[in-house]
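First the structure, in the form of structure tokens, and then the observations on it.
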Amino acid sequence: MANSQDISPQNQQASTRIVAGQSAKPKRPLGLKIGVAAAALALLGGGAAVASAVNNSTPAPAADGAPAGNPAAELKLGYFGNVTHAPALVGVSKGLIADELGSTKLSTQVFNAGPAAIEALNAGAIDATYIGPNPAINSFVKSQGASVKIIAGAAAGGAQLVVKPEINSPADLRGKTLASPQLGGTQDVALRAWLTSQGYKTNVDGSGDVAINPTENAQTLKLFQDGKLDGAWLPEPWASRLVLTAGAKVLVDEKDLWDGSLSGKPGEFPTTILIVNQKFASDHPDTVKALLKGHVKSVEWLNAAPAEEKATAINAALKEAAGAELKADVIDRSLKNIVFTVDPLAGTYQKLLADGVTAGTTKQADINGIFDLRALNSVSGEKTSAAGLGKE
């Protein structure tokens, strides 16, 4: 069983908790649609309109003329306080990533959802981040292939649509209000695409046959408990928290929507991947390779550790990153729904892109080149496929 020495102070890195959409202004009341359409336009155009999710420090400009290949003085890494981001949580808390980086300083920032992390990455506030696939696709599309590269997978599975007990079928959702972590995020896209497949119309401004209110995960739990939400499409541990502590039930387990025809792995779909700013990768390939070494070690540790030790380590890291530990039944249920893997399941990305188009959060585009798995394959000694969408 892991103990406090496993998460030692010297292995921890300075971390800033960033909540997507957080600001000094009052939060938008549940039902208020003003401003959501503007955010949607930003997703499709110039950015995710979540600059408040970036920390207040101004990133240092890159050194002019720095020779490619030099290790970076600092790597600024983003991730979320979710169980689906356990490779980041464990890699940071156990020092697995910092050890591989050597003299390169590791700084971390914790986000609530993908569009906020992408905003930070594109603004230079972070250099790499663990994230869901749809915000990465959206950034790649908006920048015409110039912004980010996907360099590894991290987790598959672990997302569900959970609803009030009286909702028994998709037909019961008409006129209901559901939540997702953030407009344009991976679960938001999955929810909107699935509702479309059920014959419902949704709009990014929250109107339609089913209202979707992008809401920070902790607020979703409280709103559901207060009866102000009928359900939500959430990653772990939030799906499990609503089920086990708020009386929700599972209407859709997303793994049931993926038959393996695109990836060769039935029930698996990319929930968390690792991406890097393209300029940073070009300037500091050795640093990116070191990050991947630590990442691979973290995934290997998660897949080898006994269940109790794994849960204890993740819980301790969650307390550091998100401010609270999870109950034993919540983390146990969460872990049963997740596969930790360095494979980004590249064969699923054309469907993920199509789902984003259906959801209205991205545009149809060519995503060839979105992957660069060469360093991953060099580090892991395996041949992870880019499915024709990049280098491997």
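The values are calculated or read from the model by the stated rules, or taken from the named source; none is laboratory data. This structure is a prediction, so every number in the text was calculated from the model and none was measured. Backbone-built Cβ (ideal geometry, glycine too); neighbour counts: all protein chains shown. To get the accessible areas, we keep the full protein, side chains included, count just its heavy atoms, and leave off ligands, DNA and RNA. Shrake-Rupley method; radii C 1.70, N 1.55, O 1.52, S 1.80 Å.
Values as computed for the structure displayed
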read-out	value
Order of exposure, largest accessible area first, which applies to 196, 271 with probe 1.4 Å	196, 271
Under 28 Å from residue 228, Cα to Cα: lysines that are on another chain or at least 8 residues apart	25, 27, 33, 164, 176, 201, 249, 255, 319, 327
Highest-first arrangement of 306-318, 338-350, where packing means the average Cβ count within 10 Å	338-350, 306-318
Per-residue ³J(HN,Hα) for the range 320-337, Karplus 6.51 cos²θ - 1.76 cosθ + 1.60, θ = phi - 60°, Hz, x for Gly and Pro	5, 7, 10, x, 7, 7, 9, 5, 4, 5, 5, 5, 5, 5, 4, 5, 5, 9
Accessible area in square angstrom per residue, the range 286-380, 1.4 angstrom probe	41
Burial order of peptide ranges 361-368, 284-291, 322-329 (average beta-carbon count within 10 Å, highest first)	284-291, 361-368, 322-329
Under the Karplus curve 6.51 cos²θ - 1.76 cosθ + 1.60, θ = phi - 60°, whole-Hz ³J(HN,Hα) for the range 148-159, x wherever Gly or Pro sits	10, 10, 7, 10, 5, x, 9, 8, 10, x, x, 9
From phi via Karplus (6.51, -1.76, 1.60), per-residue ³J(HN,Hα) for the range 272-280 in Hz, x at Gly/Pro	9, 10, 10, 10, 9, 4, 4, 5, 4
Carbon/sulfur fraction of accessible area - the range 126-193, other protein chains in place, 1.4 Å, %	47
Sites residue 378 and residue 308, calculated FRET efficiency, Cβ-Cβ separation with R0 25 Å, nearest 0.05	0.15
Extended-chain gain in nm, criterion 0.36 nm per residue less alpha-carbon gap, residue 329 and residue 282	12.6 nm
Additional length obtainable on full extension of the chain from residue 363 to residue 171, 0.36 nm per residue less Cα span	66.2 nm
